[in-house]
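What follows is a single structure, written as structure tokens, with notes after it.
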Amino acid sequence: MLRLQAFRFELVPDGRQQRLMCCFAGACRFVFNKALALLKENHVAGEPFIGYVTMAKHLTTWRNDPKMPWLREAPCHPLQHALKHLDQAFCNFFAERAAYPCFKRKGDQASFRYPDARQFKLDQSNCRIFLPKLGWMRYRNSRHVVGELRNVTVSRVAGKWFVSIQTQLEAEPCAPVVNSAVGIDVGIVHFAKLDDGAHIVPVNCFERHRKRLARYQRQMCRKVKFSRNWRKAKARVRRLHARIANIRRDFLHKASTAISKSHAIVCIEDLQVKNMTRSAKGTAQQPGKMVRQKQGLNRSILNQGWGEFRRQLLYKLAWNGGILVAVPPHHTSQTCPDCGHVSPESRRTQARFQCVGCGYTNHADVVGAINILERGLRLLACGELAQSGHSVKQEPTEVTTQFAA
């Protein structure tokens, strides 16, 4: 099994290297925006789409332009990779997997990538890395990098610079050390409810820092925009956002690791989080109903990180020899696991389930987890759901995964 993995470390650059990295990220952003503007003009003129190969020739012209000498000072390969990102964005748009690409705004989320392993050197014993036009740079070494080096991505988050080193490792498919199966019903009150009645308490990091974040944002709004005090207040908001994201990511990693190591088969719901968190504002002619309540529900759903939890379960189970099965979420908490009767009246409250057919009583989330496990095992045994006829999705047993930088 081909295993792609990224190792992320915090960089410790000096003043010159910080200034250069800001310039390199700005150059990549400029090339991306200039190419996107050219593609828009080309589309208005009725000309065919310009691919990466032709656009790279325009990049050579831009770098040789005497009006843009600063563009020549940036390394060439990150600029070329910015064009590849744009080309991939249009491929996703044409395949209806993403929206139309938009211009990148100057801000804190700055990044650039060296796509070839021959362009950088890694000295793990001395905790340093060599990057073109930046030289040797220290990093906070927290783990050992294993595998063949592929590429390096440098990014800035909340004023700190990070490096993500992607490696490739040929790993032998391993057999799971356990043979148990589990059904998981994700929620808001309980982050995850298992079919045996156990549950995982959510961290709710956003709600804990929500008042402080609102106070910081009010303080930023009172400052003169783009003044020095405004930039300080904005940096404080960014640091708090980064802290919230780090807490959520750490919680999801710990939860997904514990589940993937203790179960060989994990069954979850195939939830469409994007559709579930769609805005309820409506239009001026047809305004939505209970907008504030729906906003609170959307905020609570997004605070849980269900999509990231599923992504982590997918590759961690594959690495441990397990399998992830996604089943349709229809009526999972309204179906009696004892007699199979389906009725919305069986769920008396948000937490209590009492079957109107046979009187079976249990927690509604536990009932959902039991039904999810039953549907997943039925899929693995028969390849389809015998009674409902709904299509199901089985995640691949062998995957290649890259951590986001």
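The values are calculated or read from the model by the stated rules, or taken from the named source; none is laboratory data. Quick caveat, the model's predicted, so the values are computed rather than measured. Counting neighbours? That spans all protein chains shown, and the Cβs are built from the backbone with ideal geometry, glycine included. Heavy atoms of the whole protein, side chains included, go into the accessibility calculation; ligands, DNA and RNA do not. Shrake-Rupley method; radii C 1.70, N 1.55, O 1.52, S 1.80 Å.
Worth pointing out:
- Helix 228-262 and the longest principal axis of the Cα set of the chain meet at an angle near 50°.
- Leading residue at positive end of dipole, the stretch 1-121 (Cβ point charges), from 44, 23, 90: 23
- Nearest-20 debye value, the stretch 80-191 charge dipole, Cβ charges on Lys, Arg, Asp, Glu: 820
- Restraint check, 34/57; 211/234; 211/281, Cα-Cα greater than 19 Å: 211/281
- Note on the chain: Cα convex hull, mean projected area over all directions, 25.8 nm².
- Peptide ranges 340-347, 281-288 listed from the most packed, as the mean C-beta count within 10 angstrom indicates: 340-347, 281-288
- Contact order normalised by residue count of the chain, Cα under 8 Å, 6+ apart, percent: 18
- One decimal place: the segment residue 38-residue 22 gains 3.3 nm when fully extended, by the rule 0.36 nm per residue minus the C-alpha distance.
- The listed peptides 360-372, 154-166, ordered by packing as a protection proxy, come out as 360-372, 154-166 (highest mean of other Cβ atoms within 10 Å first).
- Taking the C-alpha atoms only, the angle from helix 291-304 to the longest principal axis of the chain is near 80 degrees.
- Just checking the listed ones, 144, 81, 263: in the Gaussian network model of the chain with Cα springs under 10 Å, the one fluctuating most is 144.
- Å² per residue, accessible surface of the chain at 1.4 Å: 56
- Given charges at Cβ of Lys, Arg, Asp, Glu: the chain dipole, positive-most of 290, 340, 267: 290
- The stretch 130-198, accessible surface, carbon-and-sulfur percent (1.4 angstrom probe): 53
- Put a plus charge on the Cβ of each Lys and Arg, a minus charge on the Cβ of each Asp and Glu, and nothing anywhere else: the dipole of the chain about its Cα centre is then about 3340 debye.
- Relative contact order computed over the stretch 157-263 (Cα-Cα under 8 Å; 6+ residues apart), in percent: 29
- In the stretch 236-332, the alpha-carbon atoms span a convex hull of 129 Å³ per residue.
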